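Structure first, commentary second.
The values are calculated or read from the model by the stated rules, or taken from the named source; none is laboratory data. Model, not experiment: these values are computed from the prediction. Cβ placement follows ideal geometry from the backbone for every residue including glycine, while neighbour counts extend to all protein chains displayed.
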Amino acid sequence: MLMPHAAQPDATDSSPAVASGSLGFTVRDFLIATFYHIRIVLLAAALPFAIAIGAAVTSRTEYTASSLLMVIVSREVSNAQNVTDSGPSVLSIEGLKQVESEVQIIESADVVRATVEQVGMDRLFPPGRFSAITRMFSSDKDAVDKAVERFQASLRASVLADSNVIRVSFTNPDRDVAVEAADALVKNYLSVRRRLFENPTAKILKLEVERFRQDLSSVDAQIEKLKAKVGIIEFSQDAILASNQVDGILQRRRQVAEREVAVTAQLTEAEKQLAALPDSVFDFSEKTDALPGDEDNNTLTKLLLERDRVSSQYAPGSQLLRDLDRQIVTIRARIKSRSERRYNTDRAIRNPQVNYIQNMILSLRVEQDSLARQKGELVQQQRVAEERLAALRAAETPLIELNRRRDSLSEGFREYQRRAVAASIEEAAAQSRQSSVRVVQDAGSAVTKRSLALPLVAAGLFAGLLFGGAAGAIASTLRTSFIMPGEAERALGMPAIAVLDDTGEQPDSLATERAISSCATLLLDTRIDDQPLRAIHFLSPEDDDALPWFARSLAEEFARQRQKRTLFVDLCSATPYPLVGGDSAVRGGVAVVATPVPLLWVAAEADRSPLLDLRLPIAEAEMMMAELKQAFDCIVVCSNLPRASLVTQRFSQLVDGNVMAVQAERTRKPAALHLRDSVIESGGLLFGFIFLGRRYYLPNWLYRRA
């Protein structure tokens, strides 16, 4: 039946196809592509799943026996470096290296070979069906080497996180063999380890230590003798002190010389100034009329103040005022008589500068004498200091040589002594039962069982899904045909106007009539420059029987249901539209014949029509098409490239619009793209495409849910 875009069985979506646009890839598209290539997908998925099932059936249950070993890393163990040093006992970087070295010893070929020989190669790896054949082409050594290699592949030795415990595990299909092999491996490892840590070099190291001790004592005696001879306590400090002493004495001699010159100059100048100074100098001169104990001025002042006070209290001429005036006159007379006599005093003293300069000269002469004595003493001290410095310089080279020899001997002595002590401790530890590796857990205490059947089946299922998906994706990528309208929309860049499934040509189908009616309504409602569509061209890139049927049904819909005068031009079919009889005429260079359907005409002998003549100019072809449009309301033309490629191009230009026909599973993508480009290049207008012969690969219930 013919339906709108994206229609499917039992679906309720009936929206127009033009509004849907080009949708992206959805889950439904993925499921449809998967079911379309279901054989390839199942074949690709079944291959890894069958391999996994076979591996699960043939796989054997394996037992893993694990043993735990603790490596003691401290100063007290025999194999730790610097065992005599003081400091905290911690798991340092060297300790981690030691634990890793223990793992390497466990996995070494010697330990594994000893274990294989002890347990038995046939018990560990029982011979298979083809073992006799393989042994014919190999020697016994090759078999042992192969057994060692297989044993190492089944062996796991690792250090537990953040600890110094080593887990040693061995896997074998036989539980007892796994436990025995793990225990034997641990015992062989401890035996090999004891042999590795044997160290017979302690005696040699002790002899070297004694020789270094004697050489060191001889050098120490020479150094002490040289120091006692020169009087050295600490050479570096003595050299610094001697050098500082010579420098200090030299500085003091310079200071004394400078002071001596300054004192001589000061003494000469002082004597010169002393000779120019007088012995005595004027002290002071005084001239006054005042006598000691004279109170006349004070008494006059008091009397004047008293008179002012009395005159304010008594009348003028009183006896008290006259007495005060008499006393004032007497005092003033005495003062006046005293001013007539004068007293002079002149005094001279010894010049003080003479004493100062004499004292200075005396002190300078004393200092000059002391400087002369000090200068002689400094000369003697400088001589002694220079002799001391020369002695130190003479003893420096031999002392440095002796110290160098002592440092070299001391370093060698300490190193050999440390190594000798460590070697002695290692020998004692190797001979004793105490060791730095302790067995914490036996192999028989921890045995785990593992079967790979279920993981292999799960892995096969997962791989089957991956392989099936990949095969479906590759098949979809390589497929050049279309199975869904969405694929054609994405590839051609056009909308799907109608979708016709593979049962669309069945007669008396209500859904088919509804779909054709919807498509006719969509075309009739389309306007180009405000003009309705009059001529529609349906074209297909391949020979398709469904396209003539669809075009004929659409023309009947226009004529019968829409009452449109319709002309149907079939350029696809070899046999024309079945004619019962009717009038014939020529319209626009095309011979038209009436059909039993009212208002429907078909083109008769279209191949010989002047309109289809390729030599006809395009202008005349347009005039003929205009005449057809005047004679008919709708013109439906269907053609395909295999039968009329040039005619298809001519009609693409003459009609109002073109619609491509895409046949599901038949139309190739390159052919459809070529046809689309040809129509566009020829100047035709493309509305979209119709999808013919669509099949539904999913079940109806999955369509409703996807």
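Can Ile335 be described as among the hydrophobic types (A, V, I, L, M, F, W, C) and at pLDDT 80 or above?
On the way: among the hydrophobic types (A, V, I, L, M, F, W, C): yes; at pLDDT 80 or above: no.
It is false that Ile335 is among the hydrophobic types (A, V, I, L, M, F, W, C) and at pLDDT 80 or above.
If Pro88 meets every condition in (1) at pLDDT 70 or above; (2) under 38 Å from the mean Cα position of the chain (by Cα); (3) not polar (S, T, N, Q) apart from one, which number is that one?
Every condition holds for Pro88 apart from (1).
Residue by residue, here is whether (1) crowded, with 16+ Cβ neighbours inside 10 Å; (2) within 60 Å of the chain's Cα centre (by Cα); (3) assigned by TED's automatic domain parsing to the domain that holds Ala585; (4) closer than 18 Å to Ala551 by Cβ holds:
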{"site": "Ala621", "(1), (2), (3), (4)": "yes, no, yes, no"}
{"site": "Ile635", "(1), (2), (3), (4)": "yes, no, yes, yes"}
{"site": "Phe651", "(1), (2), (3), (4)": "yes, no, yes, yes"}
{"site": "Met660", "(1), (2), (3), (4)": "yes, yes, yes, yes"}
{"site": "Ala664", "(1), (2), (3), (4)": "yes, yes, yes, yes"}
{"site": "Lys669", "(1), (2), (3), (4)": "yes, yes, yes, no"}
{"site": "Leu673", "(1), (2), (3), (4)": "no, yes, yes, no"}
{"site": "Asp677", "(1), (2), (3), (4)": "no, yes, yes, no"}
{"site": "Ser682", "(1), (2), (3), (4)": "no, yes, yes, no"}
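Tell me whether the stretch 275-295 contains one or more residues that are in a helix (DSSP H, G or I), surrounded by 10 or more Cβ atoms within 10 Å (Cβ to Cβ) and at pLDDT below 85.
Residues of the stretch 275-295 that are in a helix (DSSP H, G or I), as a first pass: 275-276.
Going one step further and asking which of them are surrounded by 10 or more Cβ atoms within 10 Å (Cβ to Cβ), we end up with none.
No, that holds for no residue.
Evaluate the following for Val586: is it modelled with pLDDT of 85 or more and either in contact with a Ser or Thr (Cβ under 9 Å, 6 or more places away or on another chain) or part of a strand (DSSP E or B) (or both)?
Numbers: modelled with pLDDT of 85 or more: no; either in contact with a Ser or Thr (Cβ under 9 Å, 6 or more places away or on another chain) or part of a strand (DSSP E or B) (or both): yes.
So Val586 does not fit the description; no.
Being surrounded by fewer than 16 Cβ atoms within 10 Å (Cβ to Cβ) and either more than 30 Å from Asp525 (Cβ to Cβ) or at pLDDT below 80 (or both) is the requirement here; does Ala463 meet it?
Numbers: surrounded by fewer than 16 Cβ atoms within 10 Å (Cβ to Cβ): no; either more than 30 Å from Asp525 (Cβ to Cβ) or at pLDDT below 80 (or both): yes.
No: the conditions fail for Ala463.
When the stretch 529-577 is examined, which residues are found to be part of a helix (DSSP H, G or I) and in contact with a Lys or Arg (Cβ under 6 Å, 6 or more places away or on another chain)? Even if it seems obvious, please write down each step before you answer.
Step one: filter the stretch 529-577 for residues part of a helix (DSSP H, G or I), giving 546-561.
Scanning the stretch 529-577 gives a single hit, Phe558.
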